Amino acid sequence: VLVIRNIGELILAPDGTGPVVNTSELTRIRNAFVSIDGDRIVAFGLDEECIVLDWFTVIDAEGGVVTPGLIDCHTHTVFAGSREDEFVKRIRGMSYAQIAEEGGGIKTTVHDVRAAGVDELVALALPRLGRMLAGGVTTIEIKSGYGLSAADEIKMLEAAVRLGDLQPIEIVTTYLGAHTIPADFAGRRRDYIDLVISDALMGHIAREGLASRCDVFCEKTAFTFDESREILLAAKAFGLAATLHADQITQIGASRLAAEVGAVSADHLETIDAGGIEAMKEAGVIGVLLPGCSFFLGVEQAPARTMIEAGLPVALATDYNPGSSMVESLPLVMSIACTQMHMTPTEALIAVTTNAAAALNLGDRVGGIREGAQADLLILDVPNVDRWLYHVGCNCVKTVIKKGRVVSES
Ligand SMILES: [Zn+2]
């Protein structure tokens, strides 16, 4: 049994395991303890009521906050190559779309990923995951989408699955064959979509457990509303959960499509409108917002406040990728959500715990401190959550516990 004592502020999960509308009113216990047996939380409460037997291991939180481990529910962490040249071009005034027209953008990363083997993709991702773990991330979603051929999409997912065995962060994988039409299928959109939804590719991925979810980039420059619907319905028929890159640059109804197909989440939502918010709320689709991406590109943020006030549960993620969000730090993204989207620190914490867990269909196991939940916990060296996100860009995570084991200490 592992006991954490002398906790300044213990943040409890909202009632239930589903997504919740973000609120500043989370239950917290001051001067608290948590007991862990094996990989589960077995008890918590006031420190003065803590029972410690002499064979227990005790960790002193020294008055710091204890929260659930963070969940980054939208990333592209498996990639090769680097695109700092585009970063500088954008600083000088080129747009993301102009760079893509020049043959840069996603195509650059597709070229580099196709040239890399599984071992190389794994080796490149391991230090990224190490830094994310030190920042408090204990569960992460990773997408394919830079292979865009059967062999290369499968290679990316195999790399992501293998990473789950090589380091402590738990990994959920998503098939994103429908990221863009690859150059070798130029003028043959139909052929590429047929490949994406084929039994040999999508069916193989589902049967082999290489992914549990399917994502589509529904956007003018990528896949149309009707193409996205066809791909997501095919995915659901193979037993994959649906999610979308929706309403990022233009409004073509992607958030409404998310509601129509019963997607678990719709992600980005910078251009969402009132009809899209209402449709998602009615259908129980979680809005995953990616403020690090807008920060990185220097563009407008998604209207988080409007969504929360409309009663839509919101999650936050890094969208970590080499083109539009070279941002690994989820706490930094939370601070950006506070200052640029007017979310409170507690609302941001719910967004990366309870709601991010629900977006990955893991809400019954992770994302909250409750009896029986998996013991994924952080000890911070700050006395309250507000202080954590107020100190922008500083790593305040002292200890990371995954499945009841200390896996990172600073
Ligand atoms: Zn993305």
For this session: Run Thr23 past the list (1) closer than 30 Å to Thr344 by Cα; (2) out of contact with any Asp or Glu (no Cβ under 9 Å at 6 or more places or on another chain); (3) in a loop (DSSP other than H, G, I, E, B) and report the number of the one that doesn't hold.
Result: (2)
For this session: Check Ala211, Ala266, Ala259 and return the single one that is over 22 Å from Met156 (Cβ atoms) and within 16 Å of the ligand (Cβ to nearest atom).
Result: Ala266
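Can you name the residue in segment 200-241 that is of a type in the set (Asp, Glu) and within 13 Å of Tyr175 (Cβ to Cβ) and is also farthest from the chain's Cα centre (by Cα) among such residues?
We begin by selecting, within segment 200-241, every residue of a type in the set (Asp, Glu); these are 208, 215, 219, 226-227, 230.
Next cut, within 13 Å of Tyr175 (Cβ to Cβ) only: 208, 215.
Details: Glu208: 23, Asp215: 13 Å.
Top of the filtered list is Glu208.
Restricted to segment 284-294, and to residues that are buried (at least 18 other Cβ atoms within 10 Å of the Cβ) and among the small types (Gly, Ala, Ser), which residue is farthest from Ser24 (Cα to Cα)? Lay out the reasoning, then the answer.
First, pick out the residues of segment 284-294 that are buried (at least 18 other Cβ atoms within 10 Å of the Cβ): 285-294.
Now narrow it down to the ones that are among the small types (Gly, Ala, Ser): 287, 292, 294.
Numbers: Gly287: 18, Gly292: 22, Ser294: 24 Å.
Only one residue fits best here, namely Ser294.
Mind checking which helices (runs of 4 or more DSSP H) fall wholly inside segment 76-115 and carry at least 2 residues that are among the hydroxyl-bearing types (Ser, Thr, Tyr)?
Values: elements: 84-91, 96-101, 106-115.
Filter on segment 76-115 gives 106-115.
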For this session: Kindly establish whether Gly372 is crowded, with 21+ Cβ neighbours inside 10 Å and part of a loop (DSSP other than H, G, I, E, B).
Result: no
Problem set entry | Filter result (of a type in the set (A, V, I, L, M) and either more than 17 Å from Thr173 (Cα to Cα) or away from the ligand (no atom under 16 Å from the Cβ) (or both)) within segment 242-256 | Ala246, Ile249, Ile252, Ala254
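Under the condition of being assigned to a helix (DSSP H, G or I) and buried (at least 24 other Cβ atoms within 10 Å of the Cβ), which residue from segment 295-330 is nearest to the ligand (Cβ to nearest atom)? Spell out the reasoning first.
Filtering segment 295-330 down to residues assigned to a helix (DSSP H, G or I) leaves 295-297, 304-309, 330.
Okay, now just the ones that are also buried (at least 24 other Cβ atoms within 10 Å of the Cβ), so 304, 330.
Values: Ala304: 17, Leu330: 14 Å.
Out of the qualifying residues, it is Leu330.
The rows are residues; the columns are (1) surrounded by fewer than 16 Cβ atoms within 10 Å (Cβ to Cβ); (2) in contact with a strand residue (DSSP E or B) (Cβ under 6 Å, 6 or more places away or on another chain).
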{"position": "Leu148", "(1), (2)": "no, no"}
{"position": "Ala160", "(1), (2)": "no, yes"}
{"position": "Ala178", "(1), (2)": "no, yes"}
{"position": "Gly187", "(1), (2)": "yes, no"}
{"position": "Leu201", "(1), (2)": "no, no"}
{"position": "Asp215", "(1), (2)": "no, yes"}
{"position": "Cys218", "(1), (2)": "no, yes"}
{"position": "Ser228", "(1), (2)": "no, yes"}
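Is one or more of the residues making up segment 56-75 under 14 Å from Ile369 (Cβ atoms), of a type in the set (A, V, I, L, M) and surrounded by fewer than 16 Cβ atoms within 10 Å (Cβ to Cβ)? Walk me through it before giving the result.
Of segment 56-75, the ones under 14 Å from Ile369 (Cβ atoms) are 61, 65-71.
Keeping just the survivors that are of a type in the set (A, V, I, L, M) gives 61, 65-66, 70-71.
Checking the rest, the ones that are also surrounded by fewer than 16 Cβ atoms within 10 Å (Cβ to Cβ) come to none.
No, that holds for no residue.
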Seminar exercise, completed: The lone condition Cys338 fails out of (1) crowded, with 24+ Cβ neighbours inside 10 Å; (2) within 19 Å of the chain's Cα centre (by Cα); (3) farther than 22 Å from Ile171 by Cβ is (1)
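Could you count how many residues in segment 41-79 are more than 16 Å from the ligand (Cβ to nearest atom), over 20 Å from Val382 (Cβ atoms) and in contact with an Asp or Glu (Cβ under 8 Å, 6 or more places away or on another chain)? Talk me through it step by step, then tell me what you get.
Step one: filter segment 41-79 for residues more than 16 Å from the ligand (Cβ to nearest atom), giving 41-70.
Adding the requirement that they be over 20 Å from Val382 (Cβ atoms) leaves 41-43, 45-46, 48-58.
From what is left, the residues that are in contact with an Asp or Glu (Cβ under 8 Å, 6 or more places away or on another chain) are 41-43.
So the count comes out to 3.
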Exercise. Checking Leu124 against (1) touching an Asp or Glu at 6+ places or on another chain (Cβ under 7 Å); (2) in a helix (DSSP H, G or I), which single condition isn't satisfied?
Worked result: (1)
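When segment 24-45 is examined, which residues are found to be within 30 Å of Arg305 (Cβ to Cβ) and hydroxyl-bearing (Ser, Thr, Tyr)? Show your work before the answer.
As a first pass, look at segment 24-45 and keep what is within 30 Å of Arg305 (Cβ to Cβ): 24-30.
Selection gives Ser24, Thr27.
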Seminar exercise, completed: Selection from segment 214-229 of residues within 14 Å of the ligand (Cβ to nearest atom), closer than 16 Å to Arg188 by Cα and at pLDDT 95 or above yields Phe223
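The values are calculated or read from the model by the stated rules, or taken from the named source; none is laboratory data. Given the structure is predicted, the values throughout are model-derived calculations rather than measurements. Here Cβ is always computed from backbone atoms with ideal geometry, including for glycine, and neighbour counts include all displayed protein chains.
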